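K.L.:
Have a look at the structure that comes next, please.
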Amino acid sequence: MTSTPELIGPELIASLVAASHEFDASGKDPERNCWLAVHRHVHGVLPSEYDIREVPEELYLAVLAQRRHNA
């Protein structure tokens, strides 16, 4: 799935921010947890140890910025 700016809306961002908090139990690293949430959204699975699939940077940064804003 390729994310385009039109598809990055406030509902998606809020959903992914909430999803990023699911990973706080294994480490409160907002950058990592937002990346995990976006990766799962884009690819449908969490990354494996050597997963090199990329995530849309614009989407990741929007989720991270909103999570930091909410903190």
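K.L.:
Arrange 38, 55, 45 by Cβ neighbour counts within 10 Å, fewest through most, would you?
P.N.:
Lowest count first: 45, 55, 38.
K.L.:
Given a 10 angstrom Cα cut-off, can you work out which residue in 14, 25, 37 is the most mobile in a GNM of the chain?
P.N.:
Highest fluctuation among the options: 25.
K.L.:
Separate question: Compute the whole-percent fraction of alpha carbon pairs in the chain spaced more than 15 Å apart.
P.N.:
The calculated P(r) of the chain puts 48 percent of pairs beyond 15 Å.
K.L.:
With θ taken as phi - 60° and the coefficients 6.51, -1.76 and 1.60, list the Karplus ³J(HN,Hα) couplings across the stretch 31-43 in order, rounded to whole Hz; mark glycine and proline as x.
P.N.:
After applying 6.51 cos²θ - 1.76 cosθ + 1.60, I find 4, 5, 5, 5, 4, 4, 5, 5, 4, 5, 5, 6, 9 Hz.
K.L.:
What ³J(HN,Hα) values, in whole Hz, does the Karplus curve 6.51 cos²θ - 1.76 cosθ + 1.60 give for the stretch 50-61 when θ = phi - 60°, with x put for Gly and Pro?
P.N.:
Each residue's phi maps through the Karplus curve to give 10, 5, 10, 5, 8, 10, x, 4, 4, 5, 4, 5 Hz.
K.L.:
In what sequence do 36, 12 fall when counting other Cβ within 10 Å, fewest first? If you can, show how the numbers build up before the last one.
P.N.:
Values: 36 21, 12 16.
Least crowded to most crowded, the residues run 12, 36.
Only the coordinates and a few stated rules stand behind these numbers; no lab work does. Keep in mind the model is a prediction, meaning the values are calculated, not measured. We place every Cβ from the backbone using ideal geometry, glycine too, and count neighbours over all the protein chains shown.
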